[in-house]
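See below for the structure under consideration.
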């Protein structure tokens, strides 16, 4: 076969790869900026006078402040400035992690998030790992096999995928903590306290991941290279673990970046159910008290984590799929 | 109308009826059950009175926190109200919020997805970037942002959930358009000398829109789960209304004493979402020709 | 060769069925043969004949839900019937090697070629260390003639060319030096020159005293290799015997028809399918409108470059010129990557050439706005390799064909039936969808759609490559009949030299985007001047005997 003529010179592969990584990084920064801007726009739609609301949030009651009092507060926080000036100040403070001061506690939002983010990351990360373990074990043992059990497991995966995590959380809490007293009811008591909330988050995600992996698994099982491996003398289990699983995991890995967002959403509810510390519970509390800086701060920060997680998935992808490295 | 005409009409009706029967017969049992569940929920939303066993708002202080029994199918709450009747009563509001959110979500998704998919180029790139930005917000967090700014009303709930779930559908629709645009039959239509407008009308649009039914059913289930999640956090519709999420929120405080207050409304949500998923998957299989229709 | 002593493989009355539906689910209905070392058994048949299932049953992998019954399946005198999977696994790879059709999908895309080739060594515990295994892998890759074996072993299957991949796949099957090699369509996806190299490699293996089972739809390939041949049709063995005898004097009608269906120089322009096959019925005058004198289609100095995914500009077509006269068939033949399909797309004005131009019916066809072209698109139509993807899945056959009838004469009642009749499809098919038709029927619909607008040029891009030989023969006959009856001209593109020779008046041979040779079909095929054309023609396997005209 004659190769088509090459009419342009190719850059060395390492330089192309570095350029690709840089481009991806720049894209992530741009998305983060857009996220922050979008959040700013939405919160600026808030009706009413800022200072009045802020005073209400801080005192917890409806107070009738005088015009002068309000003006002083508005001047102090720059609410009297045009929106564009407020926006520039907000964006300029972002790289320092400065999201302003909570209306309720008057503490910097950055410090409040820093205190609460560790348990949330621990919870979501362990839920992600647990979801993968469940999905892989179930898929490898049952996918592509004829019979009722396999079909039943497939049905269970669909059912768990639609189950709301808050409901699963409450049920787990009642059964395992209240009735059976196997786990603490609430509060962060280290590892035992982590089991139920992580399971509540992991079960729906494992159903969702499992469906995706399972479909791909069944498809790959029928690929000629799997038959070829069998023809070499490999057993069914060997083929599943050493050939099929890696292929089937690829779409799951792509989804895992997305799953970070879903896990954060779930964490907000689960932290409330289990009375666990974390930014999710903090956000829910901030929402009901309309603590705008805290709400925007938490949302922008978690979007940042989402962007970072997806960046990592993208950069790590060639390790799992060597075809991307070869290009 | 002559008698032969009537006979013809009658025969036509009969044929249609037998076609429906034949269609139902091709449904796998699981899908048939799921379809029936959805029909039941729609009935509960349309005419709750016919399904309720009690007045959902009448308190009975002699029958508080009763476990499920024949008299009270789902048990009673802390005020002695019949939970089954309350779940039936809440169906309308929950479904309305779900339908509203799905409608909004798909409208946004169609606008963005179709524009990006048809226009391509710079427009597509801009919309894709915008979707990427929306994706970066965890679904529920975006909803909470809206609730913070606009206060919790059913309308806010619809907007919050609608906007939160839109980017996923927009991306699906865009991908659908891009893949249909590359299809062999689109190129074949071009070589027949048809104008681009005709090709879009005849081939691209109808084929790219095929999964829309699937998206609607899937979206309904999902948005109800999300909306009740917000209500569960006490950020939804005000407590006296028996919306499913609100029932869950109310039940949370009695969960150690009365599990049914939490389990039953949750089962209603799962039953609806699961049925919607099962039906939509079946529709998808049919559309993709994996199941032979008829 | 003497065939005595204990046979390496003895199969008696092999039957395979799927599901409980006994008569209908039975896909292999009694196959028996014996195979000795150093001999080759060829199994020939069209799709659905049961040839692959037969071979797979021998290694105990008939497929999910398959029931295998046999009086005997004995390997080296040991019965394989009723073995546990663990015992099968000791035989697979170690004693019986297996090669599947498509090397790209038969090798794990996520693992290096070396790991795939060395997997058998590892599984059967032949090599003790990783270093020993790697060394053996390089040896194996060298033995199948792969250049730079040490480098290729570290690369992914997708980084190798098609021929190199097939060699690597063969190396992986030969890794443990099995006594029997089963090759299921080992050269189907390959270009002829690469096919010749792979067949050489299999021949060497046979010469080393290995037994070979070769499964193919291609009689010429089988005739080159096999000592004994089994012809299968719908699960039945229709004919079995020494290869030389079967190809020289086929006794069964089916074998006869298969051999006759192969297009070859001796029967150029004649019909390939038996007389009983549906013949063209021209209902009435449907000739395309007459055109002014001069060539219908004229291409001059076409150049097309594409930017690959790596941003590098590659020249796909490098200066191609030709002219097509009324009622003529111009064949374009070339291997994959030769640029022949790009030429077809430029001629259909689906791509604009970077340089050069195309004129249709004496008027400019490229370099003008699509709006100007639209009204004239009816004069040129196309038939694709994969008709199914060129049909809107929602549409019925009737709508697909009606859509191609120009608006000026649309809605004329009976036009669709007329066209269906023209391509020998029953009018009752008009309400069906393409998915419910067979491959041959779909291609008939595609031809009906192509002639619906009464074009004077039809571009055929690999129109019969996906079809079985007997169906291919019918479609080629149909195209020939239409040319005679309607006076259309064809630009006929194919990788199959036999097919191109059969249908073409003149031929272009393309390689690397250029036309290396052109001329009258007989001149190019019988007395090629360019070295590339000679290599190409020499690589084509031929039946040992000339089929009777």
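Where in segment C:38-82 does the amide nitrogen come within less than 15 Å of the point 7 Å from the Cα of residue C:6, taken along Cα to Cβ? From segment C:38-82, the list is C:73-81. For the pair residue C:76 and residue A:246, how long in nm is the line joining their label points, each one 7 Å along Cα→Cβ? In this crude label model, residue C:76 to residue A:246 measures out at 3.1 nm. A convex hull fitted to the Cα coordinates of segment C:304-539 yields 143 cubic angstrom per residue.
Could you order the peptides A:98-107, C:503-512 from most to least packed, using the average number of other C-beta atoms within 10 Å per residue?
With the highest mean Cβ count within 10 Å placed first, the list reads C:503-512, A:98-107.
Seen against the Cα atoms of chain B and their longest principal axis, helix B:3-26 is set at about 70 degrees. Applying 1/(1 + (r/R0)^6) with r as the Cβ-Cβ distance of residue A:80 and residue B:153 and R0 = 30 angstrom yields a FRET efficiency of 0.50. With R₀ set to 25 Å, the beta-carbon distance separating residue A:121 from residue A:319 gives a calculated FRET efficiency near 0.65.
Taking every DSSP beta bridge that has both ends in the protein assembly as shown, the antiparallel portion is near 55%. For the segment C:480-493, counting C-beta atoms of other chains within 10 Å of every residue's C-beta and taking the mean gives 0. Peptide C:315-322 has a mean shielding of 1, counted as Cβ atoms of other protein chains within 10 Å of each residue's Cβ. Estimated at 0.36 nm per residue, the fully extended path between residue A:59 and residue A:185 surpasses their Cα-Cα distance by 42.2 nm. Against chain B, whose longest principal axis comes from its Cα atoms, helix B:139-150 is set at around 70 degrees.
Each residue in C:257, C:371, B:174, C:90 was given a count of other beta-carbon atoms within 10 angstrom of its own, and listing them fewest first yields C:371, C:90, C:257, B:174.
For the residues of C:107-113, the average number of beta carbons from a partner chain within 10 Å of their own beta carbon is 5.
Only helical runs count toward this figure. For chain C, summing -39,500 (n - 2.57) over DSSP H runs of n ≥ 4 and dividing by all residues gives -9500 deg cm²/dmol at 222 nm.
Once C-alpha pairs closer than 8 Å and six or more residues apart are averaged by separation and normalised to the residue number of segment C:304-539, the relative contact order reads 31 percent. By other beta-carbon atoms within 10 Å, ranking C:495, B:203 with the fewest at the front produces C:495, B:203. When each of the peptides A:17-25, A:274-282, B:204-212, B:144-152 is scored by how many other beta carbons lie within 10 Å of its residues on average, the order from highest to lowest is A:274-282, B:144-152, B:204-212, A:17-25. For the listed peptides A:264-270, A:152-158, a ranking on the average number of other beta carbons within 10 Å per residue, highest first, reads A:264-270, A:152-158. From a point 7 Å beyond the Cα of residue C:234 in the direction of its Cβ, which residues of segment C:57-81 have a backbone N at a distance under 16 Å? No residues fall inside that zone.
Distance between the 7 Å Cα→Cβ label points at residue B:64 and residue A:285: 2.9 nm.
When DSSP beta bridges are limited to those with both residues in segment C:304-539, what percentage is antiparallel, rounded to the nearest 5? Rounded to the nearest five, the antiparallel share is 40 percent. If R0 is 30 Å, the Cβ-Cβ spacing of residue C:248 and residue C:529 corresponds to a FRET efficiency of close to 0.35. To the nearest 10 degrees, how steep is helix C:162-174 against the longest Cα principal axis of chain C, on a 0 to 90 scale? Here the helix axis deviates by roughly 20 degrees. Here each label is just a point 7 Å from Cα along the line to Cβ, and for residue C:321 and residue A:258 those points are 5.4 nm apart.
No lab work stands behind these numbers, since they all come straight from the coordinates. Quick caveat, the model's predicted, so the values are computed rather than measured. Every residue, glycine as well, gets a Cβ built from its backbone with ideal geometry; the counts of neighbours run over all protein chains shown.
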